[in-house]
């Protein structure tokens, strides 16, 4: 099935907003085994919209149009859809009723110009929007089925997943159920994970499991798309493959599906009724900012301390009789972790100290990251060297610190060689 | 002049990466008074590329193609450009020499497949790439002038600004010089600023100054695009308009052009040889993270402290004889600021405490933000209430805190009513 996407709106065309709806839709379709062949972006302009609809109707089997369903005069999608299909606009009484109820529920009167949103091309199939006043609709134009969706991301997402994708799959004659399984890892590059997972798809020999990746440094998402007749069939097919992926990626899998690294860390700390003290330098509060604001963070994050000159810790953490000036050492990092835990009065302390290179911010600019985690029982330590510019080092250090804490909490080895670090014999051992 | 953009590449088409190049290009063109009329996205596929080039060549006067200039076999732009123009690919000796020098300078031998990057359609005009091995080129296809640019954002940016835009302006017969003046503000919404600036364009009566906006909560960018015969002419035309904009937006302008709020704050702290202590709660280190990692931040940020339960400050800031439990008050906020300054040993302390609503994260979820700034001389205070969900409150509080510090450092009133805050009589006064 040949699918196209048409994004409409002056704000997208002029670059006032970045078009994240396009990549979102395209990715969601890929996740269920469908592919987008062509993307078009046009403004709120009658002539361009009509030309875009006509061209797509000649090339594609299915077209998703995004935007232009609002109540204002520059929202033209219904009007031009009717024109392209050679039909009139007619009032959809059902949607008018739904909209009026929408406003009534919010104790408001529906403004008259919202009525426009219930005017659909004759013969169009209404597509429900449970979270807004812009209904979607489907309509044949030329040889293609067009699906019109709202530009508001939250509304688009609901409609695409619940309404449009099932219709596309039905048209494509695909099996009824498609499921996406995701694994989030840190520390292994895409090509490395790809080679580690060689052959896993073949564990389900009928080809209904497809492996894919999405890299967004410092994390990598490994995706398994599974097709089946129903969810039982999908689970049966997924089981041997996901077991093998978990085995091969092992401790590097830090979260699955909708989980996040910080969410996993927070959940485990909450489960252990543990409190946390944090000490950061060059990451400057970014580690605390990943955890602290989450619901439940208020019960876990006891205190986070950021300094750029570590001698400032003498006073804040009441460290006496131990010099914090000079070269960073393992002993010093561990001492700071113990002091943070004790002085702040937390169950655990995570300390991430960074010895940043001197010189210009280039691709070979790096930093050495010194990490210690202290509990009442022991102190774990890890040292790593990351190259790639200031921002690369900062992002990597935030992720490495949080991942070490996850490993520590799950009683996994804190030290496992990652692809992003530069090792020499001493640094590799930490 | 009718301009189109064609973005190529499977990673963009499948949504693996968000297409920020498109919005970047479109915006840069808008900034110099040019408009994009149509955008096309296609994958690394011969048939689609050829069809996209041909369609654009029939509609547009100028087309910018992005991507597909790399050394690998799925980089097809030169090949399909030649096919669409009906010419052969020929080796550009100049670019081959440039590439070889590029590798020699990095003490590397040029891999054989990079030679492909010097194969250009016959008759193409070479466009220099000072930062990579993918040269750009320009070529007529049909009635349109095509400009081929690399997909790597850093390389695209240099080439677009230094090479492509001047050529487009020359083709469009525009005045030789276009200048973009930008003002960054926080606290006033786009429609409010628009109404405050009514008529400023007319201060330059020949219509060569155009006003525009770009909103990205919590900041707003106000843009003046000025056309002139040369930079002297531009400066003369801009002067009365920018003076008026500065007058009308007043203290709300926190940065201009490439400046950032955090950069302005850091520069002023550096100029005053001042050090800073920070105390945050729900913003969880995000304020520190805006300043601490910047070059020079190491001399200014003495210590940042994040707590979610403010009673933890008793120990960390050595606050005795003053209760931190219970309702937040102005007195308590100011006391924390004084204690942070003294105990951390900094010249200034910024304290941003947040009293977050209870309940689900909805559009009417809010927080009350209590801000104090202490110096050796005095303490400034500001209270504000922001509604709009957890993330909206968090982002707003980070910006408000930093902006209060900017105002304090520049001896401006810390309290000026902003559009994002909900006021009642007491809260408005702080």
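The values are calculated or read from the model by the stated rules, or taken from the named source; none is laboratory data. Quick caveat, the model's predicted, so the values are computed rather than measured. Note that each Cβ is placed from the backbone with ideal geometry, even for glycine, and that neighbours are counted across all protein chains shown.
Within the stretch B:81-93, how many residues turn out to be more than 34 Å from the chain's Cα centre (by Cα), in a helix (DSSP H, G or I) and surrounded by 12 or more Cβ atoms within 10 Å (Cβ to Cβ)?
Summing the residues that are more than 34 Å from the chain's Cα centre (by Cα), in a helix (DSSP H, G or I) and surrounded by 12 or more Cβ atoms within 10 Å (Cβ to Cβ) in the stretch B:81-93 gives 4.
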> For the stretch B:7-28, which residues satisfy the criterion of being crowded, with 18+ Cβ neighbours inside 10 Å, at pLDDT 95 or above and farther than 16 Å from residue A:35 by Cα?
Replying inline: B:7, B:21, B:22, B:23, B:25, B:26
> Does the stretch A:362-375 contain any residue that is surrounded by fewer than 16 Cβ atoms within 10 Å (Cβ to Cβ), more than 18 Å from residue A:398 (Cα to Cα), modelled with pLDDT of 95 or more and in the same structural domain as residue A:420 (by TED's automatic domain parsing)?
Replying inline: no
>> Quick check on the stretch A:269-281. Is at least one of its residues assigned by TED's automatic domain parsing to the domain that holds residue A:334, within 21 Å of residue A:397 (Cα to Cα) and part of a helix (DSSP H, G or I)?
In response: yes
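Out of contact with any strand residue (DSSP E or B) (no Cβ under 9 Å at 6 or more places or on another chain), more than 7 Å from chain B (Cβ to nearest Cβ) and either crowded, with 16+ Cβ neighbours inside 10 Å or in a helix (DSSP H, G or I) (or both), is that true of residue A:333?
So residue A:333 does not fit the description; no.
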> So which of A:406, A:411 ends up being modelled with pLDDT of 95 or more and on the phi > 0 side of the Ramachandran plot?
Replying inline: A:411
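Between B:355, B:309, which is touching a strand residue (DSSP E or B) at 6+ places or on another chain (Cβ under 8 Å), free of Cβ contacts under 8 Å to residues at least 24 places away in the same chain, in the same structural domain as residue B:409 (by TED's automatic domain parsing) and surrounded by fewer than 17 Cβ atoms within 10 Å (Cβ to Cβ)?
On the way: B:355 fails: free of Cβ contacts under 8 Å to residues at least 24 places away in the same chain.
Just a single option satisfies the conditions, and that option is B:309.
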> Can you tell me which residues in the stretch A:401-417 are outside any loop (DSSP other than H, G, I, E, B) and in contact with a helix residue (DSSP H, G or I) (Cβ under 7 Å, 6 or more places away or on another chain)?
Replying inline: A:401, A:402, A:403, A:405, A:406, A:407, A:409
> Which of (1) touching a strand residue (DSSP E or B) at 6+ places or on another chain (Cβ under 8 Å); (2) surrounded by 15 or more Cβ atoms within 10 Å (Cβ to Cβ); (3) in the same structural domain as residue A:199 (by TED's automatic domain parsing) does residue A:246 not meet, given it meets every other one?
Replying inline: (2)
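Please determine whether any residue of the stretch A:344-352 is in the same structural domain as residue A:413 (by TED's automatic domain parsing), surrounded by fewer than 19 Cβ atoms within 10 Å (Cβ to Cβ) and touching a residue at least 40 places away in the same chain (Cβ under 8 Å). Give the steps one after another, and end with the answer.
Quick first cut of the stretch A:344-352, residues in the same structural domain as residue A:413 (by TED's automatic domain parsing) only: A:344-352.
Narrowing the set further to residues that are surrounded by fewer than 19 Cβ atoms within 10 Å (Cβ to Cβ) leaves A:345, A:347.
Among the residues that remain, those that are also touching a residue at least 40 places away in the same chain (Cβ under 8 Å) are: A:345, A:347.
Yes: the stretch A:344-352 contains one or more residues that are in the same structural domain as residue A:413 (by TED's automatic domain parsing), surrounded by fewer than 19 Cβ atoms within 10 Å (Cβ to Cβ) and touching a residue at least 40 places away in the same chain (Cβ under 8 Å).
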>> Being out of contact with any strand residue (DSSP E or B) (no Cβ under 7 Å at 6 or more places or on another chain), crowded, with 23+ Cβ neighbours inside 10 Å and either outside any loop (DSSP other than H, G, I, E, B) or away from every other protein chain (no Cβ under 14 Å) (or both) is the requirement here; does residue A:323 meet it?
In response: no
> Are any residues in the stretch B:87-112 at pLDDT below 90 and touching a helix residue (DSSP H, G or I) at 6+ places or on another chain (Cβ under 6 Å), and if so, which ones?
Replying inline: B:110
> In the stretch B:1-59, which residues are without any contact (Cβ under 8 Å) to a residue 40 or more places away in the chain, more than 9 Å from every other protein chain (Cβ to nearest Cβ), closer than 27 Å to residue A:212 by Cβ and in a helix (DSSP H, G or I)?
Replying inline: B:11, B:46, B:47
> Which of the residues belonging to the stretch A:288-300 are crowded, with 22+ Cβ neighbours inside 10 Å and in contact with a helix residue (DSSP H, G or I) (Cβ under 6 Å, 6 or more places away or on another chain)?
Replying inline: A:289, A:290, A:291, A:293, A:300
> For residue B:398, are the conditions met, namely being more than 23 Å from residue B:251 (Cα to Cα), within 14 Å of another protein chain (Cβ to nearest Cβ), assigned to a helix (DSSP H, G or I) and in contact (Cβ under 8 Å) with a residue 40 or more places away in the chain?
Replying inline: no
> Being at pLDDT 95 or above and more than 20 Å from residue B:155 (Cα to Cα), is that true of even one residue in the stretch B:113-121?
Replying inline: yes
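With respect to residue A:220, determine if the residue is within 20 Å of the chain's Cα centre (by Cα), surrounded by 15 or more Cβ atoms within 10 Å (Cβ to Cβ) and assigned by TED's automatic domain parsing to the domain that holds residue A:350. I'd like the intermediate steps shown before the answer.
Values: within 20 Å of the chain's Cα centre (by Cα): yes; surrounded by 15 or more Cβ atoms within 10 Å (Cβ to Cβ): yes; assigned by TED's automatic domain parsing to the domain that holds residue A:350: no.
Answer is no for this residue.
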>> If I ask for residues that are out of contact with any strand residue (DSSP E or B) (no Cβ under 8 Å at 6 or more places or on another chain) and either surrounded by fewer than 20 Cβ atoms within 10 Å (Cβ to Cβ) or within 12 Å of chain B (Cβ to nearest Cβ) (or both), which ones from the stretch A:60-77 would you list?
In response: A:71, A:72, A:73, A:74
>> Only one of A:313, A:294 is within 14 Å of chain B (Cβ to nearest Cβ), closer than 24 Å to residue B:284 by Cβ and within 18 Å of the chain's Cα centre (by Cα). Can you tell me which?
In response: A:294
> Does at least one position in the stretch A:262-269 carry a residue that is within 12 Å of another protein chain (Cβ to nearest Cβ), surrounded by fewer than 21 Cβ atoms within 10 Å (Cβ to Cβ) and either in contact (Cβ under 8 Å) with a residue 40 or more places away in the chain or touching a strand residue (DSSP E or B) at 6+ places or on another chain (Cβ under 6 Å) (or both)?
Replying inline: no
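List the helices (runs of 4 or more DSSP H) inside the stretch A:126-213, counting only whole elements, that have at least 2 residues being surrounded by 16 or more Cβ atoms within 10 Å (Cβ to Cβ), modelled with pLDDT of 95 or more and within 21 Å of the chain's Cα centre (by Cα).
On the way: elements: A:153-159, A:165-172, A:190-196.
The helices (runs of 4 or more DSSP H) meeting that bar are A:153-159.
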>> All but one of (1) more than 14 Å from chain B (Cβ to nearest Cβ); (2) touching a residue at least 24 places away in the same chain (Cβ under 8 Å); (3) in a loop (DSSP other than H, G, I, E, B) hold for residue A:109; state the number of the condition that does not hold.
In response: (2)
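If you take the residues of the stretch A:297-310 that are more than 24 Å from residue B:300 (Cβ to Cβ) and assigned to a helix (DSSP H, G or I), which of them is nearest to the other protein chains (Cβ to nearest Cβ)?
Step one: filter the stretch A:297-310 for residues more than 24 Å from residue B:300 (Cβ to Cβ), giving A:297-302.
Remaining after also requiring assigned to a helix (DSSP H, G or I): A:297-300.
Details: A:297: 6, A:298: 4, A:299: 8, A:300: 8 Å.
This residue is A:298.
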